[in-house]
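*Asks:* Okay, here's the structure, questions in a sec.
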Amino acid sequence: MIRASKTDQAWKQWGETDPYYGVITDDKFRSDNLDEQSRHDFFQTGQQSVAHVLQLCRQHIQPNFEPKSVLDYGCGVGRMALAFAQHTQHVIGIDVSEGMLTEAQLNKERLGVTNIELLKIEGTQLPTDKKFDLVHSYIVLQHINPQQGIEIFRQLIDRIAEGGIGAIQLAYSHEKFACDDGLAPRLPSLRTIWRSVWANSILRRKLGALLGSSKPPQMQMNPYQLNKIFFLLQSAGIQDLHVEFTNHGGHLGTFLIFRKPA
């Protein structure tokens, strides 16, 4: 088993200090700014995201797709898991942060949702062996060390039921370092690396002041090698695959929608 990386500890800290901002980095979702309206806006984004996921599944993979069970990996405070619960019989949300899961439980009770089960992951071993009609993860794996994340990705594929669908997003590069000719990657210069380190150090100090800590948790943005991802998909017999490109603040990614063969 691959040991958990220090990013796990960072997300545990986000769950304890600023769980909603840790999910969506908008100042109105900071703990000090949360009110009834901002909380409503936060979960409204989950409703919109789930509608988009189901639309992609039906448009590109299975027109009559109606999942009875959903696994949401990296569920956080329940932004999308709570929305999925309105479209399916049972949802399991998994997260590494106990603080996030505690908040998700409070949101579950506040909204009267009874068909969600929340589980905590330690390291890379998923805490359930069940199979699901839909296995979902969005803006999560990029925050995990790729060596650890690849193993989690493999297990997520395994948790898809026969004929079920996976909807998993991950990052592969940053637009600053994108290929010039589509063949050779353009590596960052030492000056670019130094500027990035310098800017990040300032950002961390500012966040630390806001969070009352000299060392705020770091949000890593890790790119994955897509050849490894596609190898795992092909090895699992995946043939139906739709790719939607994503861009979050210059971090380029792919949202993979695929069906596991029956």
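*Asks:* Can you give me the Cα centroid spacing of segment 22-45 and segment 88-130 in angstrom?
*Replies:* Segment 22-45 and segment 88-130 have Cα centres separated by 20 Å.
*Asks:* Would you mind working out the magnitude of the charge dipole of segment 117-169 relative to its Cα centre, with +1 at each Lys and Arg C-beta and -1 at each Asp and Glu C-beta, to the nearest 20 Debye? Before the final figure, lay out each step's value.
*Replies:* Values: 5 positive and 7 negative charges, 15 e Å.
Taking the Cα centre of segment 117-169 as origin, the dipole is about 80 debye.
*Asks:* Another question, if that's okay. What does the charge add up to near Ile116, with Lys and Arg as +1, Asp and Glu as -1, over the other residues with Cβ less than 10 Å from its Cβ? Present the calculation step by step, with values, prior to reporting the outcome.
*Replies:* Values: positive: Lys108; negative: Asp72, Glu117.
Neighbour charge sum, excluding Ile116 itself: -1.
*Asks:* Provide the per-residue ³J(HN,Hα) series for segment 90-103, in order, calculated from phi with Karplus coefficients 6.51, -1.76, 1.60 and θ = phi - 60°, each as a whole number of Hz, with x at glycine and proline positions.
*Replies:* Residue by residue, segment 90-103 yields 8, 10, 10, x, 10, 8, 8, 9, 5, x, 4, 5, 4, 5 Hz.
*Asks:* Oh, and also: Just the accessible area per residue of segment 16-87, please: how many Å² with a 1.4 Å probe? Don't jump to the answer; show the numbers that get you there.
*Replies:* On the way: 3360 Å² over 72 residues.
Accessible area per residue, segment 16-87: 47 Å².
*Asks:* For Glu117, list long-range residues whose amide hydrogen, built 1.01 Å from N in the peptide plane, is under 5 Å from its own amide hydrogen.
*Replies:* Amide H neighbours of Glu117, under 5 Å, 5+ apart: Val91, Ile92, Gly93.
*Asks:* State the percentage of accessible surface on segment 1-151 attributable to carbon and sulfur atoms; use a 1.4 Å probe and exclude ligands, DNA and RNA. Mind dumping the intermediate values first?
*Replies:* Numbers: 3200 of 7000 Å².
About 46 percent, which is the carbon plus sulfur part of the accessible surface.
*Asks:* Lys/Arg Cβ at +1, Asp/Glu Cβ at -1, dipole of segment 107-158 taken about the Cα centre: which of Leu141, Leu126, Gly112 is farthest positive-ward?
*Replies:* Gly112
*Asks:* Output the relative contact order of segment 64-147, whole-number percent, from Cα pairs under 8 angstrom with separation of 6+ residues.
*Replies:* Details: 133 pairs, mean separation 29.9, N = 84.
RCO, segment 64-147: 36 percent.
The values are calculated or read from the model by the stated rules, or taken from the named source; none is laboratory data. Quantities reported herein were computed from a predicted structural model and do not represent experimental measurements. Don't worry about glycine lacking a Cβ; one is built from the backbone with ideal geometry, like all the others, and counts go over all protein chains shown. All accessible areas refer to the heavy atoms of the entire protein, side chains included, with ligands and DNA or RNA removed. Shrake-Rupley method; radii C 1.70, N 1.55, O 1.52, S 1.80 Å.
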